[in-house]
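The values are calculated or read from the model by the stated rules, or taken from the named source; none is laboratory data. This one's a predicted model, so the numbers in the text were calculated from it and none came from an experiment. Because the Cβ atoms are built from the backbone with ideal geometry, glycine has one as well, and the counts that use them run over all protein chains shown.
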Amino acid sequence: MAESNVARVRSMYDAFARGDVASVLESLDPQIEWLEAENFIYAGGNPYIGRQAVLNGIFMRIGTEWDKFSATPEEIVDGGDTVIALGRYRGTYKATGARVDASFVHVMKFKDGKIARFEQHTDTAQFRDAIRSAAAPATAN
(Lines give C-alpha, C1' and ligand atoms only; values in the text may rest on other atoms or scores of the structure.)
Protein backbone atom coordinates (compact mmCIF):
# COMPACT_ATOMS: atom_id res chain seq x y z
CA MET A 1 0.00 0.00 0.00
CA ALA A 2 1.33 3.45 -0.91
CA GLU A 3 2.20 5.90 1.84
CA SER A 4 -0.67 8.30 2.53
CA ASN A 5 -0.24 12.04 2.30
CA VAL A 6 -0.94 12.27 6.05
CA ALA A 7 1.93 9.84 6.71
CA ARG A 8 4.17 11.94 4.45
CA VAL A 9 3.28 15.08 6.41
CA ARG A 10 3.96 13.37 9.74
CA SER A 11 7.28 12.16 8.41
CA MET A 12 8.16 15.70 7.27
CA TYR A 13 7.45 17.20 10.71
CA ASP A 14 9.44 14.40 12.37
CA ALA A 15 12.39 15.16 10.06
CA PHE A 16 12.13 18.89 10.87
CA ALA A 17 12.16 18.08 14.60
CA ARG A 18 15.35 16.01 14.11
CA GLY A 19 16.97 18.83 12.13
CA ASP A 20 16.98 16.65 9.00
CA VAL A 21 16.42 19.45 6.50
CA ALA A 22 17.43 17.26 3.55
CA SER A 23 14.51 14.91 4.26
CA VAL A 24 12.14 17.86 4.67
CA LEU A 25 13.24 19.26 1.31
CA GLU A 26 12.84 15.82 -0.30
CA SER A 27 9.17 15.83 0.75
CA LEU A 28 8.65 18.97 -1.36
CA ASP A 29 7.97 19.03 -5.07
CA PRO A 30 11.05 20.44 -6.88
CA GLN A 31 8.90 23.41 -8.01
CA ILE A 32 6.98 23.88 -4.76
CA GLU A 33 5.07 27.11 -4.28
CA TRP A 34 5.61 28.13 -0.63
CA LEU A 35 3.63 30.98 0.91
CA GLU A 36 4.40 32.46 4.30
CA ALA A 37 1.51 34.19 6.10
CA GLU A 38 0.83 37.78 5.06
CA ASN A 39 2.86 40.16 7.24
CA PHE A 40 5.00 37.27 8.56
CA ILE A 41 8.66 38.09 9.14
CA TYR A 42 9.74 35.91 6.18
CA ALA A 43 6.88 36.79 3.81
CA GLY A 44 9.04 39.20 1.81
CA GLY A 45 10.01 36.42 -0.58
CA ASN A 46 6.46 35.22 -1.25
CA PRO A 47 5.91 33.10 -3.13
CA TYR A 48 9.05 31.03 -2.65
CA ILE A 49 9.34 28.81 -5.73
CA GLY A 50 11.45 25.66 -5.56
CA ARG A 51 13.31 23.81 -2.86
CA GLN A 52 16.37 26.06 -2.94
CA ALA A 53 14.24 29.17 -2.40
CA VAL A 54 12.56 27.53 0.61
CA LEU A 55 15.93 26.42 1.99
CA ASN A 56 17.52 29.87 1.64
CA GLY A 57 14.51 32.05 2.40
CA ILE A 58 12.97 30.08 5.26
CA PHE A 59 14.94 27.18 6.72
CA MET A 60 18.40 28.80 6.76
CA ARG A 61 16.97 31.88 8.42
CA ILE A 62 15.15 29.83 11.05
CA GLY A 63 18.33 27.86 11.71
CA THR A 64 20.51 30.93 12.17
CA GLU A 65 18.06 33.36 13.80
CA TRP A 66 16.24 31.10 16.31
CA ASP A 67 17.14 28.89 19.26
CA LYS A 68 15.17 25.69 19.77
CA PHE A 69 12.67 26.55 17.05
CA SER A 70 9.99 23.91 16.61
CA ALA A 71 6.89 23.40 14.50
CA THR A 72 4.86 20.75 16.28
CA PRO A 73 1.64 19.49 14.70
CA GLU A 74 -1.14 18.74 17.17
CA GLU A 75 -3.66 17.56 14.58
CA ILE A 76 -3.34 16.53 10.95
CA VAL A 77 -6.48 16.57 8.84
CA ASP A 78 -6.67 14.26 5.83
CA GLY A 79 -8.29 15.87 2.82
CA GLY A 80 -6.78 13.54 0.24
CA ASP A 81 -4.55 15.71 -1.95
CA THR A 82 -4.91 18.53 0.60
CA VAL A 83 -3.61 17.96 4.11
CA ILE A 84 -3.99 20.50 6.91
CA ALA A 85 -1.78 20.56 9.99
CA LEU A 86 -2.74 22.50 13.11
CA GLY A 87 -0.02 23.01 15.68
CA ARG A 88 2.34 25.33 17.51
CA TYR A 89 5.55 27.15 16.76
CA ARG A 90 7.91 27.60 19.69
CA GLY A 91 11.35 29.14 19.88
CA THR A 92 13.50 32.02 21.03
CA TYR A 93 14.68 34.76 18.69
CA LYS A 94 18.44 34.88 19.27
CA ALA A 95 18.95 38.62 18.76
CA THR A 96 16.38 39.66 21.38
CA GLY A 97 15.88 36.63 23.61
CA ALA A 98 12.13 36.93 22.97
CA ARG A 99 10.15 33.69 22.95
CA VAL A 100 7.24 32.77 20.71
CA ASP A 101 4.52 30.21 21.32
CA ALA A 102 2.14 30.68 18.42
CA SER A 103 -0.48 28.49 16.81
CA PHE A 104 -0.19 27.65 13.14
CA VAL A 105 -2.23 26.18 10.35
CA HIS A 106 -0.35 24.71 7.39
CA VAL A 107 -2.28 23.88 4.24
CA MET A 108 -0.38 21.48 1.99
CA LYS A 109 -1.48 20.42 -1.49
CA PHE A 110 0.06 17.29 -2.95
CA LYS A 111 1.01 16.34 -6.49
CA ASP A 112 2.57 12.97 -7.31
CA GLY A 113 3.33 12.23 -3.66
CA LYS A 114 5.14 15.52 -2.97
CA ILE A 115 3.99 18.77 -1.39
CA ALA A 116 3.45 21.07 -4.37
CA ARG A 117 1.97 24.02 -2.46
CA PHE A 118 2.44 25.06 1.17
CA GLU A 119 0.50 27.89 2.80
CA GLN A 120 1.16 29.09 6.34
CA HIS A 121 -1.24 30.87 8.71
CA THR A 122 0.00 32.01 12.12
CA ASP A 123 0.03 34.81 14.70
CA THR A 124 2.32 37.15 12.79
CA ALA A 125 2.24 39.76 15.59
CA GLN A 126 4.08 37.43 17.98
CA PHE A 127 6.92 37.03 15.51
CA ARG A 128 7.01 40.74 14.67
CA ASP A 129 7.18 41.58 18.37
CA ALA A 130 9.93 38.99 18.95
CA ILE A 131 12.23 40.62 16.41
CA ARG A 132 11.15 44.23 16.99
CA SER A 133 13.83 45.27 19.45
CA ALA A 134 16.49 43.75 17.21
CA ALA A 135 15.31 45.91 14.33
CA ALA A 136 15.10 49.12 16.38
CA PRO A 137 18.07 51.47 16.05
CA ALA A 138 20.40 51.60 19.02
CA THR A 139 20.17 54.71 21.17
CA ALA A 140 23.16 56.57 22.53
CA ASN A 141 23.60 56.70 26.30
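When the stretch 1-58 is filtered for residues that are loosely packed, with under 14 Cβ neighbours inside 10 Å and among the basic types (K, R), only R18 remains.
Counting the residues of the stretch 26-57 that are of a type in the set (S, T, N, Q) and part of a loop (DSSP other than H, G, I, E, B) gives 3.
Candidates in the stretch 13-34 are the residues that are among the hydrophobic types (A, V, I, L, M, F, W, C) and over 13 Å from the mean Cα position of the chain (by Cα); of these, the one that is farthest from T64 (Cα to Cα) is I32. If you go through the stretch 58-89 and keep only what is assigned to a helix (DSSP H, G or I) and of a type outside the set (K, R), you end up with I58, F59, M60, I62, G63, T64, E65.
Every test in (1) surrounded by 13 or more Cβ atoms within 10 Å (Cβ to Cβ); (2) within 20 Å of D14 (Cα to Cα) is passed by D101 save one, and that test is (1). Pairs linking a residue in the stretch 35-49 that is among the hydrophobic types (A, V, I, L, M, F, W, C) to a residue that is surrounded by 14 or more Cβ atoms within 10 Å (Cβ to Cβ) and at pLDDT below 95, with Cβ atoms under 7 Å and 6 or more positions apart or on different chains, are I41/I131. Selection within the stretch 72-98: residues that are under 14 Å from E119 (Cα atoms) and either of a type in the set (A, V, I, L, M) or free of Cβ contacts under 8 Å to residues at least 12 places away in the same chain (or both). The member of this set that is surrounded by the most Cβ atoms within 10 Å (Cβ to Cβ) is V83.
Taking the conditions exactly as written (surrounded by fewer than 17 Cβ atoms within 10 Å (Cβ to Cβ), at pLDDT 95 or above and under 27 Å from A130 (Cα atoms)), does T64 satisfy them or not? In short, yes.
Scanning the stretch 104-128 for residues that are more than 12 Å from the chain's Cα centre (by Cα) and not acidic (D, E) yields a count of 13.
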